[in-house]
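Working notes for the structure below.
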Amino acid sequence: MKRIGILTGGGDCPGLNAVIRAAVRTLIRDYDLQVVGIQLGFEGLLTKAIIPLTLESIRGILPKGGTLLRTTNRGNPFEYPVPGGVSEDRSGEVVRNIRELGIDGIIAIGGDGTLKIAQRLCDLGIPMVAVPKTIDNDLAATDYTFGFQTAVAIATDAVDRLHTTAESHDRVMILEVMGRNAGWIALYAGMAGGADIILLPEIAYRPEEIVNTIRERQQEGSKFDIIVVAEGAKRQGGEEAYVDKATRRLGGIAYQVAADIQQHIDLEIRVTVLGHVQRGGSPIAFDRILASRFGKAAADLVATGKFGQMVAVRGEEIVSVAIEDAVSRPKYVDPEGQVVKAAQSLGISFGDGR
Ligand code: F6P
């Protein structure tokens, strides 16, 4: 084996560059291999867009957000979109191009979609190793994904900032955070920021319970409230809020919560939708270290021919699991779990009346 390719697929996430850097360093320094970057995810394997990755070209990227290799949510070679709304299978072209480019192994860094494509390419005989990434932290195969703690830190900072303005104006501040259908970012940032109410996809809320909590706090002398709501949260018997239902892009539930409770309370409400700020910028130290350890471990796997594996963290250990066992196994907040129970003991309401 001589030449290893690295690609990033799906949405970006703080720490991607740290993975690339660690993988390149390990492959060159420990195994004396040549490394190339495949641009724009799997799309780059259709267009043959590759760049050399050397110790010089990765210099200075450790603290940088985004991905040096660029990325896209589109371009699944098995269902490649063509004009007119249909799709075609271009995986044969990908396999051919990988051979023509002389690539002997690929490290694919991405979320659920990327892992599924990696698995299917493995089935076609392409030597793949995967690194999981998502700010949502919703993969059961790993305790943590890199990027999650950075997103939590950014969301916590937003809660802190909303606290001071809420206090000054006697207002209810509702902060909507990302996470898709998992409530990890909302739960962690809500707890770290001392929110009064946290609304999660895993615990459907009742507007009357939110109103009760606000009234109880008023009786205790509090004149403001902080609500953190996960983008995938929903009212009991209701549905998720979508910015775009066709593509299932979540967003806007905070406005629905505001509308649900405004007429029952005498405090003003303001809504903040944090959005992609949570994915941008520099990774915090925890994510830089996790991403670097993942990059090193992925390089070891690909260099020693252990294909079809994904790196993961369990406790203090970096381990590897079969990609096919990791895909489509989501991890959600346990409504009866320790973290939720701790939050409840702190007086945080989940809007369900428990
Ligand atoms: O999966 C990561 C994530 O940031 C989710 O939290 C969010 O719902 C989604 O991606 C946003 O996707 P896009 O960048 O396509 O708007």
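Brief remarks follow.
- Selection count where residues are assigned to a strand (DSSP E or B) and β-branched (Val, Ile, Thr), scope segment 201-237: 5
- Any hit, segment 210-231, residues being within 16 Å of the ligand (Cβ to nearest atom), of a type in the set (Gly, Ala, Ser) and closer than 17 Å to Gly351 by Cβ: yes
One line per residue, one yes/no per condition, for (1) open to solvent by 50 Å² or more (accessible area, probe 1.4 Å); (2) touching a Gly at 6+ places or on another chain (Cβ under 9 Å); (3) part of a helix (DSSP H, G or I); (4) among the β-branched types (Val, Ile, Thr):
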residue: Ile6; (1), (2), (3), (4): no, yes, no, yes
residue: Gly10; (1), (2), (3), (4): no, yes, no, no
residue: Ala18; (1), (2), (3), (4): no, yes, yes, no
residue: Thr26; (1), (2), (3), (4): no, yes, yes, yes
residue: Gly65; (1), (2), (3), (4): no, yes, no, no
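- Segment 189-203, residues that are surrounded by fewer than 18 Cβ atoms within 10 Å (Cβ to Cβ) and either of a type in the set (S, T, N, Q) or more than 19 Å from the chain's Cα centre (by Cα) (or both): Gly194
- Taken as a whole, the condition of being under 14 Å from Val177 (Cα atoms) and either more than 24 Å from the chain's Cα centre (by Cα) or basic (Lys, Arg) (or both) does not apply to Arg206.
- Segment 40-63: number of residues that are in contact (Cβ under 8 Å) with a residue 24 or more places away in the chain and either over 18 Å from Ala22 (Cα atoms) or part of a strand (DSSP E or B) (or both): 9
- Meets criteria (in contact (Cβ under 8 Å) with a residue 24 or more places away in the chain, away from the ligand (no atom under 16 Å from the Cβ) and over 30 Å from Val273 (Cβ atoms)) for Val159: no
- The sole residue among Asp287, Asp225 that is in contact with a Gly (Cβ under 9 Å, 6 or more places away or on another chain) and acidic (Asp, Glu) is Asp287.
- In summary, strands (runs of 3 or more DSSP E) completely within segment 238-321 and bearing 2 or more residues that are away from the ligand (no atom under 16 Å from the Cβ) and surrounded by 21 or more Cβ atoms within 10 Å (Cβ to Cβ) occur at 309-314.
- Matching residues in segment 169-185 - criterion: being crowded, with 21+ Cβ neighbours inside 10 Å and touching a helix residue (DSSP H, G or I) at 6+ places or on another chain (Cβ under 8 Å): Val172, Met173, Ile174, Leu175, Glu176, Val177, Met178, Gly179, Trp184, Ile185
- Restricting segment 67-100 to residues that are open to solvent by 30 Å² or more (accessible area, probe 1.4 Å) and within 16 Å of the ligand (Cβ to nearest atom) leaves a set whose member that is farthest from the chain's Cα centre (by Cα) is Pro81.
- Residue in segment 108-116 that is surrounded by fewer than 23 Cβ atoms within 10 Å (Cβ to Cβ), in a helix (DSSP H, G or I) and modelled with pLDDT under 95 present: yes
The values are calculated or read from the model by the stated rules, or taken from the named source; none is laboratory data. These numbers were taken from a predicted model, which means no experiment stands behind them. Neighbour counts run over all protein chains shown; Cβ positions are idealised from the backbone, glycine included. We work out accessible area using only protein heavy atoms, side chains counted, and drop any ligands, DNA or RNA first. Shrake-Rupley method; radii C 1.70, N 1.55, O 1.52, S 1.80 Å.
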